[in-house]
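Below: the structure, in structure tokens.
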Amino acid sequence: MHYIVFDLEWNQGSYRDNKKMYGMQLMNFEIIEIAAVKLNESLDIIDRFQRVIKPMVYEELHPIIKDITGFTQEELKKGVPFVDGVKEFLEWCGQDYIFCSWATQDLKELQMNMLFYGITLVDRPPLFYYDVQKLFSYACENGDDRRSLKYAVDFLKLEEDIPFHRAYGDAYYTAKVMQNIDFDKVKNKISIDTFVIPKDKSEEVSLSFDTYSKFISRGYRNKEELMSQKYITTVKCHVCGNIVKRKIGWFSDGMKNYYFAGICKKHGRIKGKIRLRKSVDRKVYAIKTIKVASDEEYEKIVQKKKQIKLKRKKQS
């Protein structure tokens, strides 16, 4: 298997451009460069890919993008059409590979641009990938902080021999970070892309990791319909699979998150979180995570419920 470490640069439109697109499939960011390095299983760089993409929607280079990337209008005019560029890229990736990127947005924007042209990256979920920003945090810090790529390069004392803020440079440095962390230690921290969500129950994603379980549901019309599904709100211990006895049932923080606290007979205190998200076709789906909770984590959920109850009481 190969690791495809990729990065994108994109242009953005003005308010006038966005008004012009009203009623069309909106593309907030138009890709103007695709670049990647291919790593083998030993994390050696074995190949490189880079294409400049000629913009067709936001044809004028936004001043901020020009400033950051150093692109010129003339350079973009010599680029290849997006459809040709992305097809070349996917052919170059081969058959047996996994995507790697710094953070999560590049994979989303790749698929958003593909959707605009009627191309799909994945027909059936899940699409697994490595978020190297997250891996760096788990390998070198606390697992929660999310740092810039430049920070990681400086932290690891890597040689900076090519510029940042162009797709190839950022893909190259992301690959160098992978090579210089304890990848074997963190490679179980795989991420799941949800641009394409499960179409039905048979495609729903249910996975168990060392310290937590994750479930991704199919889409529903609204959050009320989703939260009425017993199979979604039922909580099982991610260690033994037993039903968790509810102590604090699912409650909302008023935003897009629901929380749960309960007790497993074998493994003690358990916490749960459901994040509600909307797919590109406006359906509501759930990302549910279940973990064994420390006393402190359990108490935080108890206090959160009390604070929300008090706030609602004051507002009524």
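The values are calculated or read from the model by the stated rules, or taken from the named source; none is laboratory data. Since the model is a prediction, treat every value here as computed from it, not as a measurement. Quick reminder, even Gly has a Cβ in these numbers, built from the backbone with ideal geometry, and neighbours come from all protein chains shown. To get the accessible areas, we keep the full protein, side chains included, count just its heavy atoms, and leave off ligands, DNA and RNA. Shrake-Rupley method; radii C 1.70, N 1.55, O 1.52, S 1.80 Å.
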(message) Could you check segment 204-234 and list, in sequence order, the residues that are without any contact (Cβ under 8 Å) to a residue 12 or more places away in the chain and either under 23 Å from Leu121 (Cα atoms) or buried (at least 17 other Cβ atoms within 10 Å of the Cβ) (or both)?
(response) Ser206
(request) Considering each residue of segment 259-296, count those that are in contact with a helix residue (DSSP H, G or I) (Cβ under 8 Å, 6 or more places away or on another chain), more than 17 Å from Lys223 (Cα to Cα) and not in a strand (DSSP E or B), and give that number. (result) 1
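The rows are residues; the columns are (1) out of contact with any strand residue (DSSP E or B) (no Cβ under 8 Å at 6 or more places or on another chain); (2) modelled with pLDDT of 95 or more.
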site	(1), (2)
Ile45	no, yes
Ile53	no, yes
Lys87	yes, yes
Trp92	no, yes
Ile98	no, yes
Gly118	yes, no
Pro125	no, no
(request) Determine, yes or no, whether Thr120 is among the β-branched types (Val, Ile, Thr) and open to solvent by 60 Å² or more (accessible area, probe 1.4 Å). (result) yes
(request) Find all pairs meeting these conditions: Cβ atoms under 9 angstrom apart; at least six residues apart or on different chains; first residue within segment 45-70 and farther than 18 Å from Asp7 by Cα and open to solvent by 90 Å² or more (accessible area, probe 1.4 Å); second residue in a helix (DSSP H, G or I) and polar (S, T, N, Q). (result) Glu59/Gln73; Glu60/Gln73
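Please go through segment 154-168 and pick out each residue that is in a helix (DSSP H, G or I), in contact (Cβ under 8 Å) with a residue 60 or more places away in the chain and over 19 Å from the mean Cα position of the chain (by Cα). Walk me through how you get there before you give the answer.
Quick first cut of segment 154-168, residues in a helix (DSSP H, G or I) only: 154-155, 167-168.
Narrowing the set further to residues that are in contact (Cβ under 8 Å) with a residue 60 or more places away in the chain leaves 167-168.
Matches in segment 154-168: Tyr168 only.
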(message) Among the numbered criteria (1) in contact (Cβ under 8 Å) with a residue 24 or more places away in the chain; (2) open to solvent by less than 40 Å² (accessible area, probe 1.4 Å); (3) part of a loop (DSSP other than H, G, I, E, B), which one does Arg146 miss?
(response) (2)
(request) Among residues belonging to segment 163-203 that are in contact with a helix residue (DSSP H, G or I) (Cβ under 7 Å, 6 or more places away or on another chain) and acidic (Asp, Glu), point out the one that is surrounded by the fewest Cβ atoms within 10 Å (Cβ to Cβ). (result) Asp182
(request) Please enumerate the residues belonging to segment 240-270 that are surrounded by 18 or more Cβ atoms within 10 Å (Cβ to Cβ) and either without any contact (Cβ under 8 Å) to a residue 12 or more places away in the chain or touching a Ser or Thr at 6+ places or on another chain (Cβ under 9 Å) (or both). (result) Val244, Tyr258, Tyr259, Phe260, Arg269
(message) Could you check segment 66-80 and list, in sequence order, the residues that are over 17 Å from Gly169 (Cα atoms) and aliphatic (A, V, I, L, M)?
(response) Leu76, Val80
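Going residue by residue through segment 85-92, is there one that turns out to be closer than 15 Å to Glu9 by Cβ, open to solvent by less than 40 Å² (accessible area, probe 1.4 Å) and touching an Asp or Glu at 6+ places or on another chain (Cβ under 7 Å)? Can you show your working first?
First pass over segment 85-92, keeping only residues closer than 15 Å to Glu9 by Cβ: 85-86, 89.
Now drop any that are not open to solvent by less than 40 Å² (accessible area, probe 1.4 Å), which leaves 85-86, 89.
Keeping just the survivors that are touching an Asp or Glu at 6+ places or on another chain (Cβ under 7 Å) gives none.
The answer is no; no qualifying residue exists.
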(message) I'd like the full set of residues that are within 20 Å of Asp210 (Cα to Cα) and among the hydroxyl-bearing types (Ser, Thr, Tyr), limited to segment 270-316.
(response) Thr289, Ser294, Tyr298
